[in-house]
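Beneath this line is the structure, given in structure tokens, with notes to follow.
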Amino acid sequence: MGMVGGGRGAFIGGVHRMAANLDGKIELVAGCFSSDPEKSKLSGEDLFLDSSRVYSSYEEMVEKESQLPVGDRIDFVSIVTRNNTHFAIAKTFLEAGINVICDKPMTFNLEEAKRLKEVVKSSGKVFALTHNYTGYPMVKEAREMIRSGKLGRILKVVVEYPQGYAVGSVEKQEEGAINSWRTNPEIAGQSNCIADIGIHAENLLRYMTGLEIEALCSDVSAFIPGAQLDDDGSVLLRFKGGAKGVLFASQISSGDENNLNIRVWGTKGSIQWFQEHPNELIVKAADEPHQIYRRGNSYLTEVAQNNSRTPFGHQEAFIEAFANVYVNAAKAIADEVEGKLGGDYDFPNVDDGAHGMAFIDAVLRSSKSDQKWTEFSEI
């Protein structure tokens with residue numbers, strides 16, 4: 001594994017490295033950890049890497065890694081940089097024949113997402129996107145329940161992602177509570193809240209239920225004075241097949257930490273899953289007592305058990321879910337290296353990334369429009 005970004009002081013880079021390392025199948029051997037060459041060098045020292053494989057730019061990294069024998073060079077790169085750089089970095093590595101794992105959102109805008117889909121297709125390489133909430137065992141259990149028809153026909157879905165860390169800027173009428181680059185449209189793109197956490201909520205909904213959006217109606221707001229990008233949004237959803245939904249994402253919800261949760265109602269029953277209590281899945285039926293399914297137990301489906309590492313009674317959470325994305329992507333990357341790529345791999349891919357960018361685009365178009373419903377269109 002190589003890494004671009006994630007140097008000293010970067011929270012998400014450390015998360016990616018811990019997740020990749022958890023199962024002992026991936027080794028970090030190279031990287032360009034900052035656009036500042038000195039910071040990249042020092043970050044490489046922090047990680048005990050060979051100094052010859054700590055690079056000053058991602059372009060230098062691609063050039064020198066590509067010159068190494070296949071068995072020595074990196075098999076994939078993890079991209080954990082700011083939104084406006086994802087496309088160029090991913091494109092460069094893919095065209096050099098190197099697989100890619102990328103943080104979300106996949107690209108700066110929808111047009112880049114369309115172009116990246118073509119690059120991935122023509123390269124024949126693996127592209128994985130770290131929508132980490134798909135990695136939780138009980139999310140996978142819920143997905144299997146829905147797929148098997150246990151809930152019947154899905155009628156309604158409500159998914160929420162409230163955070164409260166930015167509300168201080170609203171109350172004090174001050175700017176700058178949110179990390180500055182996320183509120184800068186030249187770096188983050190056309191959205192802050194929806195692009196940062198709203199697409200996590202939509203991706204979780206789509207992964208768990210399999211529902212595809214037909215149309216949406218949204219109201220996106222910037223409560224922080226002077227903010228150029230949104231910090232709150234509400235979306236009504238219509239799905240193909242007739243189901244309806246509500247999606248809410250916010251960074252100004254007082255008292256909430258990272259309260260991602262989803263509720264799915266079907267004709268036979270319903271489920272609830274809360275990210276802050278990730279090892280439990282609440283299952284309800286109209287004519288039976290409520291049940292709580294817990295991670296690590298033998299009564300769960302095979303896919304949920306295969307994405308757990310410890311016995312029941314021992315909690316697994318954020319890092320482990322992130323690690324499931326990495327280890328499942330690593331299976332595909334190993335197959336690609338050995339020339340036998342193919343099959344059904346369980347990780348978010350370039351299509352999911354492009355769908356997310358289309359979702360952001362549709363939500364913002366709807367919010368700006370006087371029209372009640374906005375048709376949702378894939379790439």
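Each reported figure results from applying straightforward, stated rules to the coordinates on display, with no laboratory input. Not measured: the values here are computed from a predicted model. No Cβ is skipped: glycine too gets one built from the backbone with ideal geometry, and neighbour counts run over all protein chains shown.
What to note about this one:
- The chain: DSSP helices with Cα axial extent of at least 24 Å and average Kyte-Doolittle hydropathy no lower than -1.0: 318-337, 350-368
- Radius of gyration and maximum dimension Dmax of segment 229-379, Cα, Å: 19.0, 53
- Signed unit charges on C-beta, dipole axis of the chain, positive-most listed residue L341, S57, P162: L341
- Of all DSSP-defined beta bridges confined to the chain, some 65% are antiparallel rather than parallel.
- Mean projected area of the Cα convex hull of the chain, taken over all directions, amounts to 19.4 nm².
- MRE, 222 nm, helices only [DSSP H, n ≥ 4, -39500 (n - 2.57), over the chain, to nearest 500]: -10500 deg cm²/dmol
- In straight-distance terms, cross-link reach from K150 covers every one of the lysines whose alpha-carbon lies under 16 Å from its own, apart from those fewer than eight places away in the same chain; here that gives K140, K268, K284.
- Paramagnetic reach from F312 in segment 273-291 [backbone N under 18 Å; point 7 Å along Cα→Cβ]: 278-284, 289-291
- Normalised by residue count, segment 137-243 yields a Cα convex hull volume of 114 Å³ per residue.
- Built amide H within the under 5 Å cut-off of L129, gap 5+: C102, N349
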